[in-house]
Amino acid sequence: MQEGFVITEGVACAPAVIFKNDPPTVNIVHISPEDVEDEITLYQTTLERTHRLFLEEKNNVQSVVAREFLDVAILYLTDSYVKKLIEDRIRNELCNAESAVMRCYHDYINELISLNDPFVMHNEFEIHNLAETLVLELRKKKVTIPDITEDSILVCNNITPAQFLTMNTQHIKGVLLEDGNTQSHLAIVLRSSKIPAIFNVSNATKLIAPGTNVLVDAYANRVYLDPLDELIWQANKNAQKYHKVSESAIDIIKPMMAQYKTSSDGERMRILANINSISEITKLAYLPSSGIGLFRTEFLFMNCSHEPDEEEQYQVYRRIMNMLPSNYEITFRTFDFNADKLPLYMSMSSAFSVDTNQHQRKTLITQLRAILRASAQRQIRIMFPMVAEYEETKELIELYNSVKQSLTSEGHDTGRVKIGIMIETPAGALMSDSLAPLVDFFSIGTNDLTQYTEACSREAATHRNDELTPAVLKLICLTVKNARKHHIPVCICGELVHNLNYLALFISIGLRDFSVAPFYLNKLLEKIHELEVKIDLNLEAKINAILTKKEIINLNNSLIAQNFGHSGIID
Ligand code: PEP
Ligand code: MG
């Protein structure tokens with residue numbers, strides 16, 4: 001069968017369960033003025049019922065990630081601003097509830113996008129989905145989620161992470177999706193549950209009949225229907241070979257991390273982990289990594305019903321630090337809330353309120369105090385997300401210094417802290433020469449850098465966001481060059497790093513720190529081990545001349561082929 005792109009590697013073979021989730025076609029009906037109140041009541045009772053259903057579902061699901069998605073859905077559902085828009089529309093335009101719902105949420109999405117606020121940019125897919133759910137509820141029609149009681153391969157045209165997580169995932173051995181995006185929430189959920197998955201398998205729900213035995217070889221990016229035993233055996237054998245290599249990589253981690261140097265400049269490569277939760281930390285005990293390159297702290301407090309105070313946060317950060325050896329580097333990123341990562345306690349209306357900046361400043365002070373107190377006796381890194389401007393960076397550093405000073409004057413012990421910023425906007429990359437002298441390190445966030453450079457949301461299927469585009473490559477290259485010029489370390493995190501096709505190129509432009517999901521640490525280590533690495537002096541001019549994505553791959557391949565024959569520093 002025609003393949004798509006691999007989200008999570010692995011091999012699985014089981015009968016197919018088909019889940020077709022076709023969007024409802026909305027009926028636009030004009031109503032008479034005397035029916036207005038009935039239509040509004042229909043909308044209100046449906047809203048209440050859906051809200052209750054979401055709350056029940058939230059109580060029933062085990063997964064924290066699933067609960068987080070439902071929390072976000074509830075926030076949009078109960079947003080009083082949209083509720084009023086919908087009721088006004090029914091009243092003023094004399095239209096039926098389902099068309100008012102669909103059009104209001106559509107306008108709402110556009111409004112959020114036009115605000116250009118990173119806080120709300122990512123969630124258009126979830127909001128759209130919510131509107132469709134409401135339309136079905138208005139018709140009292142429900143999406144039937146298949147009850148999966150035996151090991152199965154889930155084949156779908158479209159599925160939300162919340163729908164996926166409400167299924168019995170322990171029996172889902174593999175996933176094939178017709179659509180999808182490598183950076184979508186579903187991809188993140190699948191990666192964290194390690195379920196072999198391939199996206200963009202065209203017409204999968206049409207070509208595969210329910211119950212067909214499906215072999216998903218998400219190492220080789222192949223899908224086979226009714227495979228012969230020999231084929232299944234071969235795919236599993238290849239998978240075992242892969243696992244063996246991974247295990248031996250763990251054995252070589254220590255000597256390799258200590259000795260691995262580029263032959264020209266003697267720089268050490270570091271592989272680091274992207275961590276979102278405390279439970280993921282336990283995985284690090286048996287995985288090779290030089291530290292945590294990105295701790296997404298916002299995920300720690302997603303389920304809090306109130307904003308966590310300093311003491312509550314202190315206890316959580318202390319626990320994390322106690323779990324890891326004192327020489328193990330942890331990079332705490334301060335809260336990076338946006339609409340797809342909105343904690344339960346933060347309603348959309350508060351996100352838009354006038355005192356947002358003031359509130360965010362207070363939140364940041366509380367978080368910095370908690371992290372600094374918890375880091376007493378050790379060295380840590382703190383980094384600020386979404387930084388784009390020079391003044392903003394200076395203000396953040398000043399804020400950090402004043403927090404540190406007040407803690408010291410209150411008699412608190414604080415750790416040795418390196419302060420860095422994420423370069424994840426085109427503005428940040430273009431300003432990197434001026435920003436580098438202000439901070440101790442950079443970390444390039446390719447997820448946001450891609451969406452803001454290419455003007456495509458994370459959920460948009462139009463771009464594969466694990467593909468490097470010429471513009472993004474140029475911004476990465478510029479950032480690395482400026483970091484090196486000012487002698488500060490620069491790390492790269494974000495889903496793009498999981499595409500190992502660019503690793504030779506990244507190393508050649510001077511990147512030395514790579515931060516990836518725990519699941520990818522072994523693989524990255526193996527690949528780094530394979531490559532002989534030097535910085536290429538001629539690369540900047542070549543990169544500046546690149547026009548297409550294909551040329552990027554060619555350049556990467558030519559670097560591998562020439563075995564890094566030239567050495568030197570990029571600037
Ligand atoms: C990024 O933007 O690349 C990144 C690593 O941060 P997040 O995915 O949490 O926005
Ligand atoms: Mg980001």
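Read-outs throughout are calculated quantities, based only on the coordinates presented, and are distinct from any laboratory measurement. Please read these numbers as outputs of a predicted model, since none were measured by experiment. Ideal geometry is used to build each Cβ from the backbone, glycine not excepted, and the neighbour counts take in all protein chains shown.
What does the highest-first list of 14-20, 324-330, 442-448, 91-97 look like by mean Cβ count within 10 Å? Before the final figure, lay out the partial values.
Numbers: 14-20: 19.0, 324-330: 14.1, 442-448: 25.9, 91-97: 17.1.
Highest to lowest by the protection proxy: 442-448, 14-20, 91-97, 324-330.
Positive contributions from Lys and Arg (+1) and negative ones from Asp and Glu (-1), summed over other residues with Cβ under 12 Å from the Cβ of D413, come out at +3.
The Cα center of segment 126-140 and the Cα center of segment 383-434 differ in position by 42 Å. Across segment 19-27, rounded Karplus estimates of 3J(HN,Hα) from the backbone phi angles (6.51 cos²θ - 1.76 cosθ + 1.60, θ = phi - 60°) give 10, 9, 10, 7, x, x, 7, 8, 8 Hz, Gly and Pro being marked x. When you restrict to C-alpha pairs under 8 Å that are six or more residues apart and normalise by the size of segment 389-519, the relative contact order lands at 23 percent.
Taken one residue at a time, the phi angles of segment 95-102 give Karplus couplings (6.51, -1.76, 1.60, θ = phi - 60°) of 10, 6, 4, 5, 6, 5, 4, 4 Hz. Gly and Pro are set to x. Phi angles of segment 73-82 translate, via the Karplus equation with coefficients 6.51, -1.76, 1.60 and θ = phi - 60°, into HN-Hα couplings of 4, 5, 4, 5, 5, 9, 4, 5, 5, 5 Hz per residue; Gly and Pro are given as x. Close amide-amide hydrogen proximity is noted between I330 and I292, R381, each under 5 Å apart and 5 or more residues distant or on a separate chain (H modeled in the peptide plane; Pro and chain starts excluded). Percent of alpha carbon pairs in segment 429-563 separated by more than 24 Å? Percent of Cα pairs beyond 24 Å in segment 429-563: 26.
Hey, any idea what the orientation-averaged projected area of the convex hull of segment 256-564's Cα atoms comes to, in nm²?
Values: hull surface 64.2 nm².
In nm², the orientation-averaged hull projection of segment 256-564 is 16.1.
Per-residue packing, averaged as other Cβ atoms within 10 Å, sorts the ranges 490-501, 25-36, 143-154 into the order 490-501, 143-154, 25-36, beginning with the highest. Near N21, the amide H atoms lying under 5 Å from its own belong to N157, N158; only residues 5 or more places off or on other chains count, and H is placed 1.01 Å from N.
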